[in-house]
Amino acid sequence: MRKVVYLNNISDTEISNAVDNLEPVIQKNDLLSITVSSPNAIASQPFNTAVTVSTQSIGYTSTQASGYLVDQDGFIDMPMLGRIKAAGLTKNGLKESITKIIVDNKFLLYPVVSVRYLNFKVTVLGEVARPMVINVPDEKINILEALGFAGDMTIYARRDNVTLVREEKGKRIVKRLDLNSEKLLSSPFYYLKSNDIIYVEPNKARVSAASNTRNWLPAILSGLSLAAVIIDRLTR
């Protein structure tokens, strides 16, 4: 029973909420909202004419969003500022880069730049009630919240071996997480980043049941077919 309970070996404690490197790194195909303001609203206006981008996922409705799509070379194109390197930077890093270009070219005095993700999402797959893609408008979500959105793990899920797949700086990171352990709360993988994938593995009972079903299903279908033939012959 303890294996189906989260954090079953944790006692009353206090764990620091500070996690290093929590801010995600901008990647290719990210869709960003970038706004520029200053004391001169009219002078700021040309910097806020973002392109409307159509986004669509398999099984999901196409949506329109005004923002800047990071291209395959890792750049965005902004009015008056031209091509700016975005991939590999954090939001703060891109904000500082844009601010520097504006100030160096004396386009605005005291510019204020804001950068947000428009496609911050995580995916939950496997032994959960509702496998799904979760859009995260506030750009902050932890693994327990993501599982909650997906309807929680089923009784057949392995809580001691949840797989998290993360793409960062051109590499795929695969991490196994034990949701029974108190170490989860202080793990750098407790908070999720954009495009993270969570896979919940089924336990042996579920795998065995699925295997038995595959073995017996042909025999059952064959028996039903034979019964249908016999009934047809008898009713003629």
Which condition breaks for K28 when tested against (1) modelled with pLDDT of 85 or more; (2) under 22 Å from the mean Cα position of the chain (by Cα); (3) open to solvent by less than 30 Å² (accessible area, probe 1.4 Å)?
-> (3)
Considering only segment 140-172, state which residues are over 14 Å from the mean Cα position of the chain (by Cα) and aliphatic (A, V, I, L, M).
-> M153, I155, A157, V162
In the same structural domain as V70 (by the TED database) and under 29 Å from V162 (Cα atoms): does that describe G88?
-> yes
How do the pairs read when you match residues in segment 128-148 that are touching a residue at least 40 places away in the same chain (Cβ under 8 Å) and within 15 Å of S194 (Cα to Cα) with residues anywhere that are of a type in the set (S, T, N, Q) and in a loop (DSSP other than H, G, I, E, B), using Cβ under 7 Å and keeping only pairs 6 or more apart or on different chains?
-> V133/S57
Of the residues I76, I84, I98, which is free of Cβ contacts under 8 Å to residues at least 24 places away in the same chain, β-branched (V, I, T), open to solvent by less than 80 Å² (accessible area, probe 1.4 Å) and under 19 Å from D30 (Cβ atoms)?
-> I84
V136 is checked against (1) among the β-branched types (V, I, T); (2) modelled with pLDDT under 95; (3) under 29 Å from I26 (Cα atoms); (4) open to solvent by 60 Å² or more (accessible area, probe 1.4 Å) and fails just one. What number does that condition carry?
-> (4)
Among the strands (runs of 3 or more DSSP E) lying completely within segment 157-209, list those that include at least 3 residues that are touching a residue at least 60 places away in the same chain (Cβ under 8 Å) and either open to solvent by 60 Å² or more (accessible area, probe 1.4 Å) or touching a helix residue (DSSP H, G or I) at 6+ places or on another chain (Cβ under 7 Å) (or both).
-> 197-200
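The values are calculated or read from the model by the stated rules, or taken from the named source; none is laboratory data. Bear in mind the structure is a predicted one, so any value in this text is a computation, not a measurement. Ideal geometry is used to build each Cβ from the backbone, glycine not excepted, and the neighbour counts take in all protein chains shown. Each accessible area value is taken on the protein alone, full model and side chains, heavy atoms only, with ligands, DNA and RNA left out. Shrake-Rupley method; radii C 1.70, N 1.55, O 1.52, S 1.80 Å.
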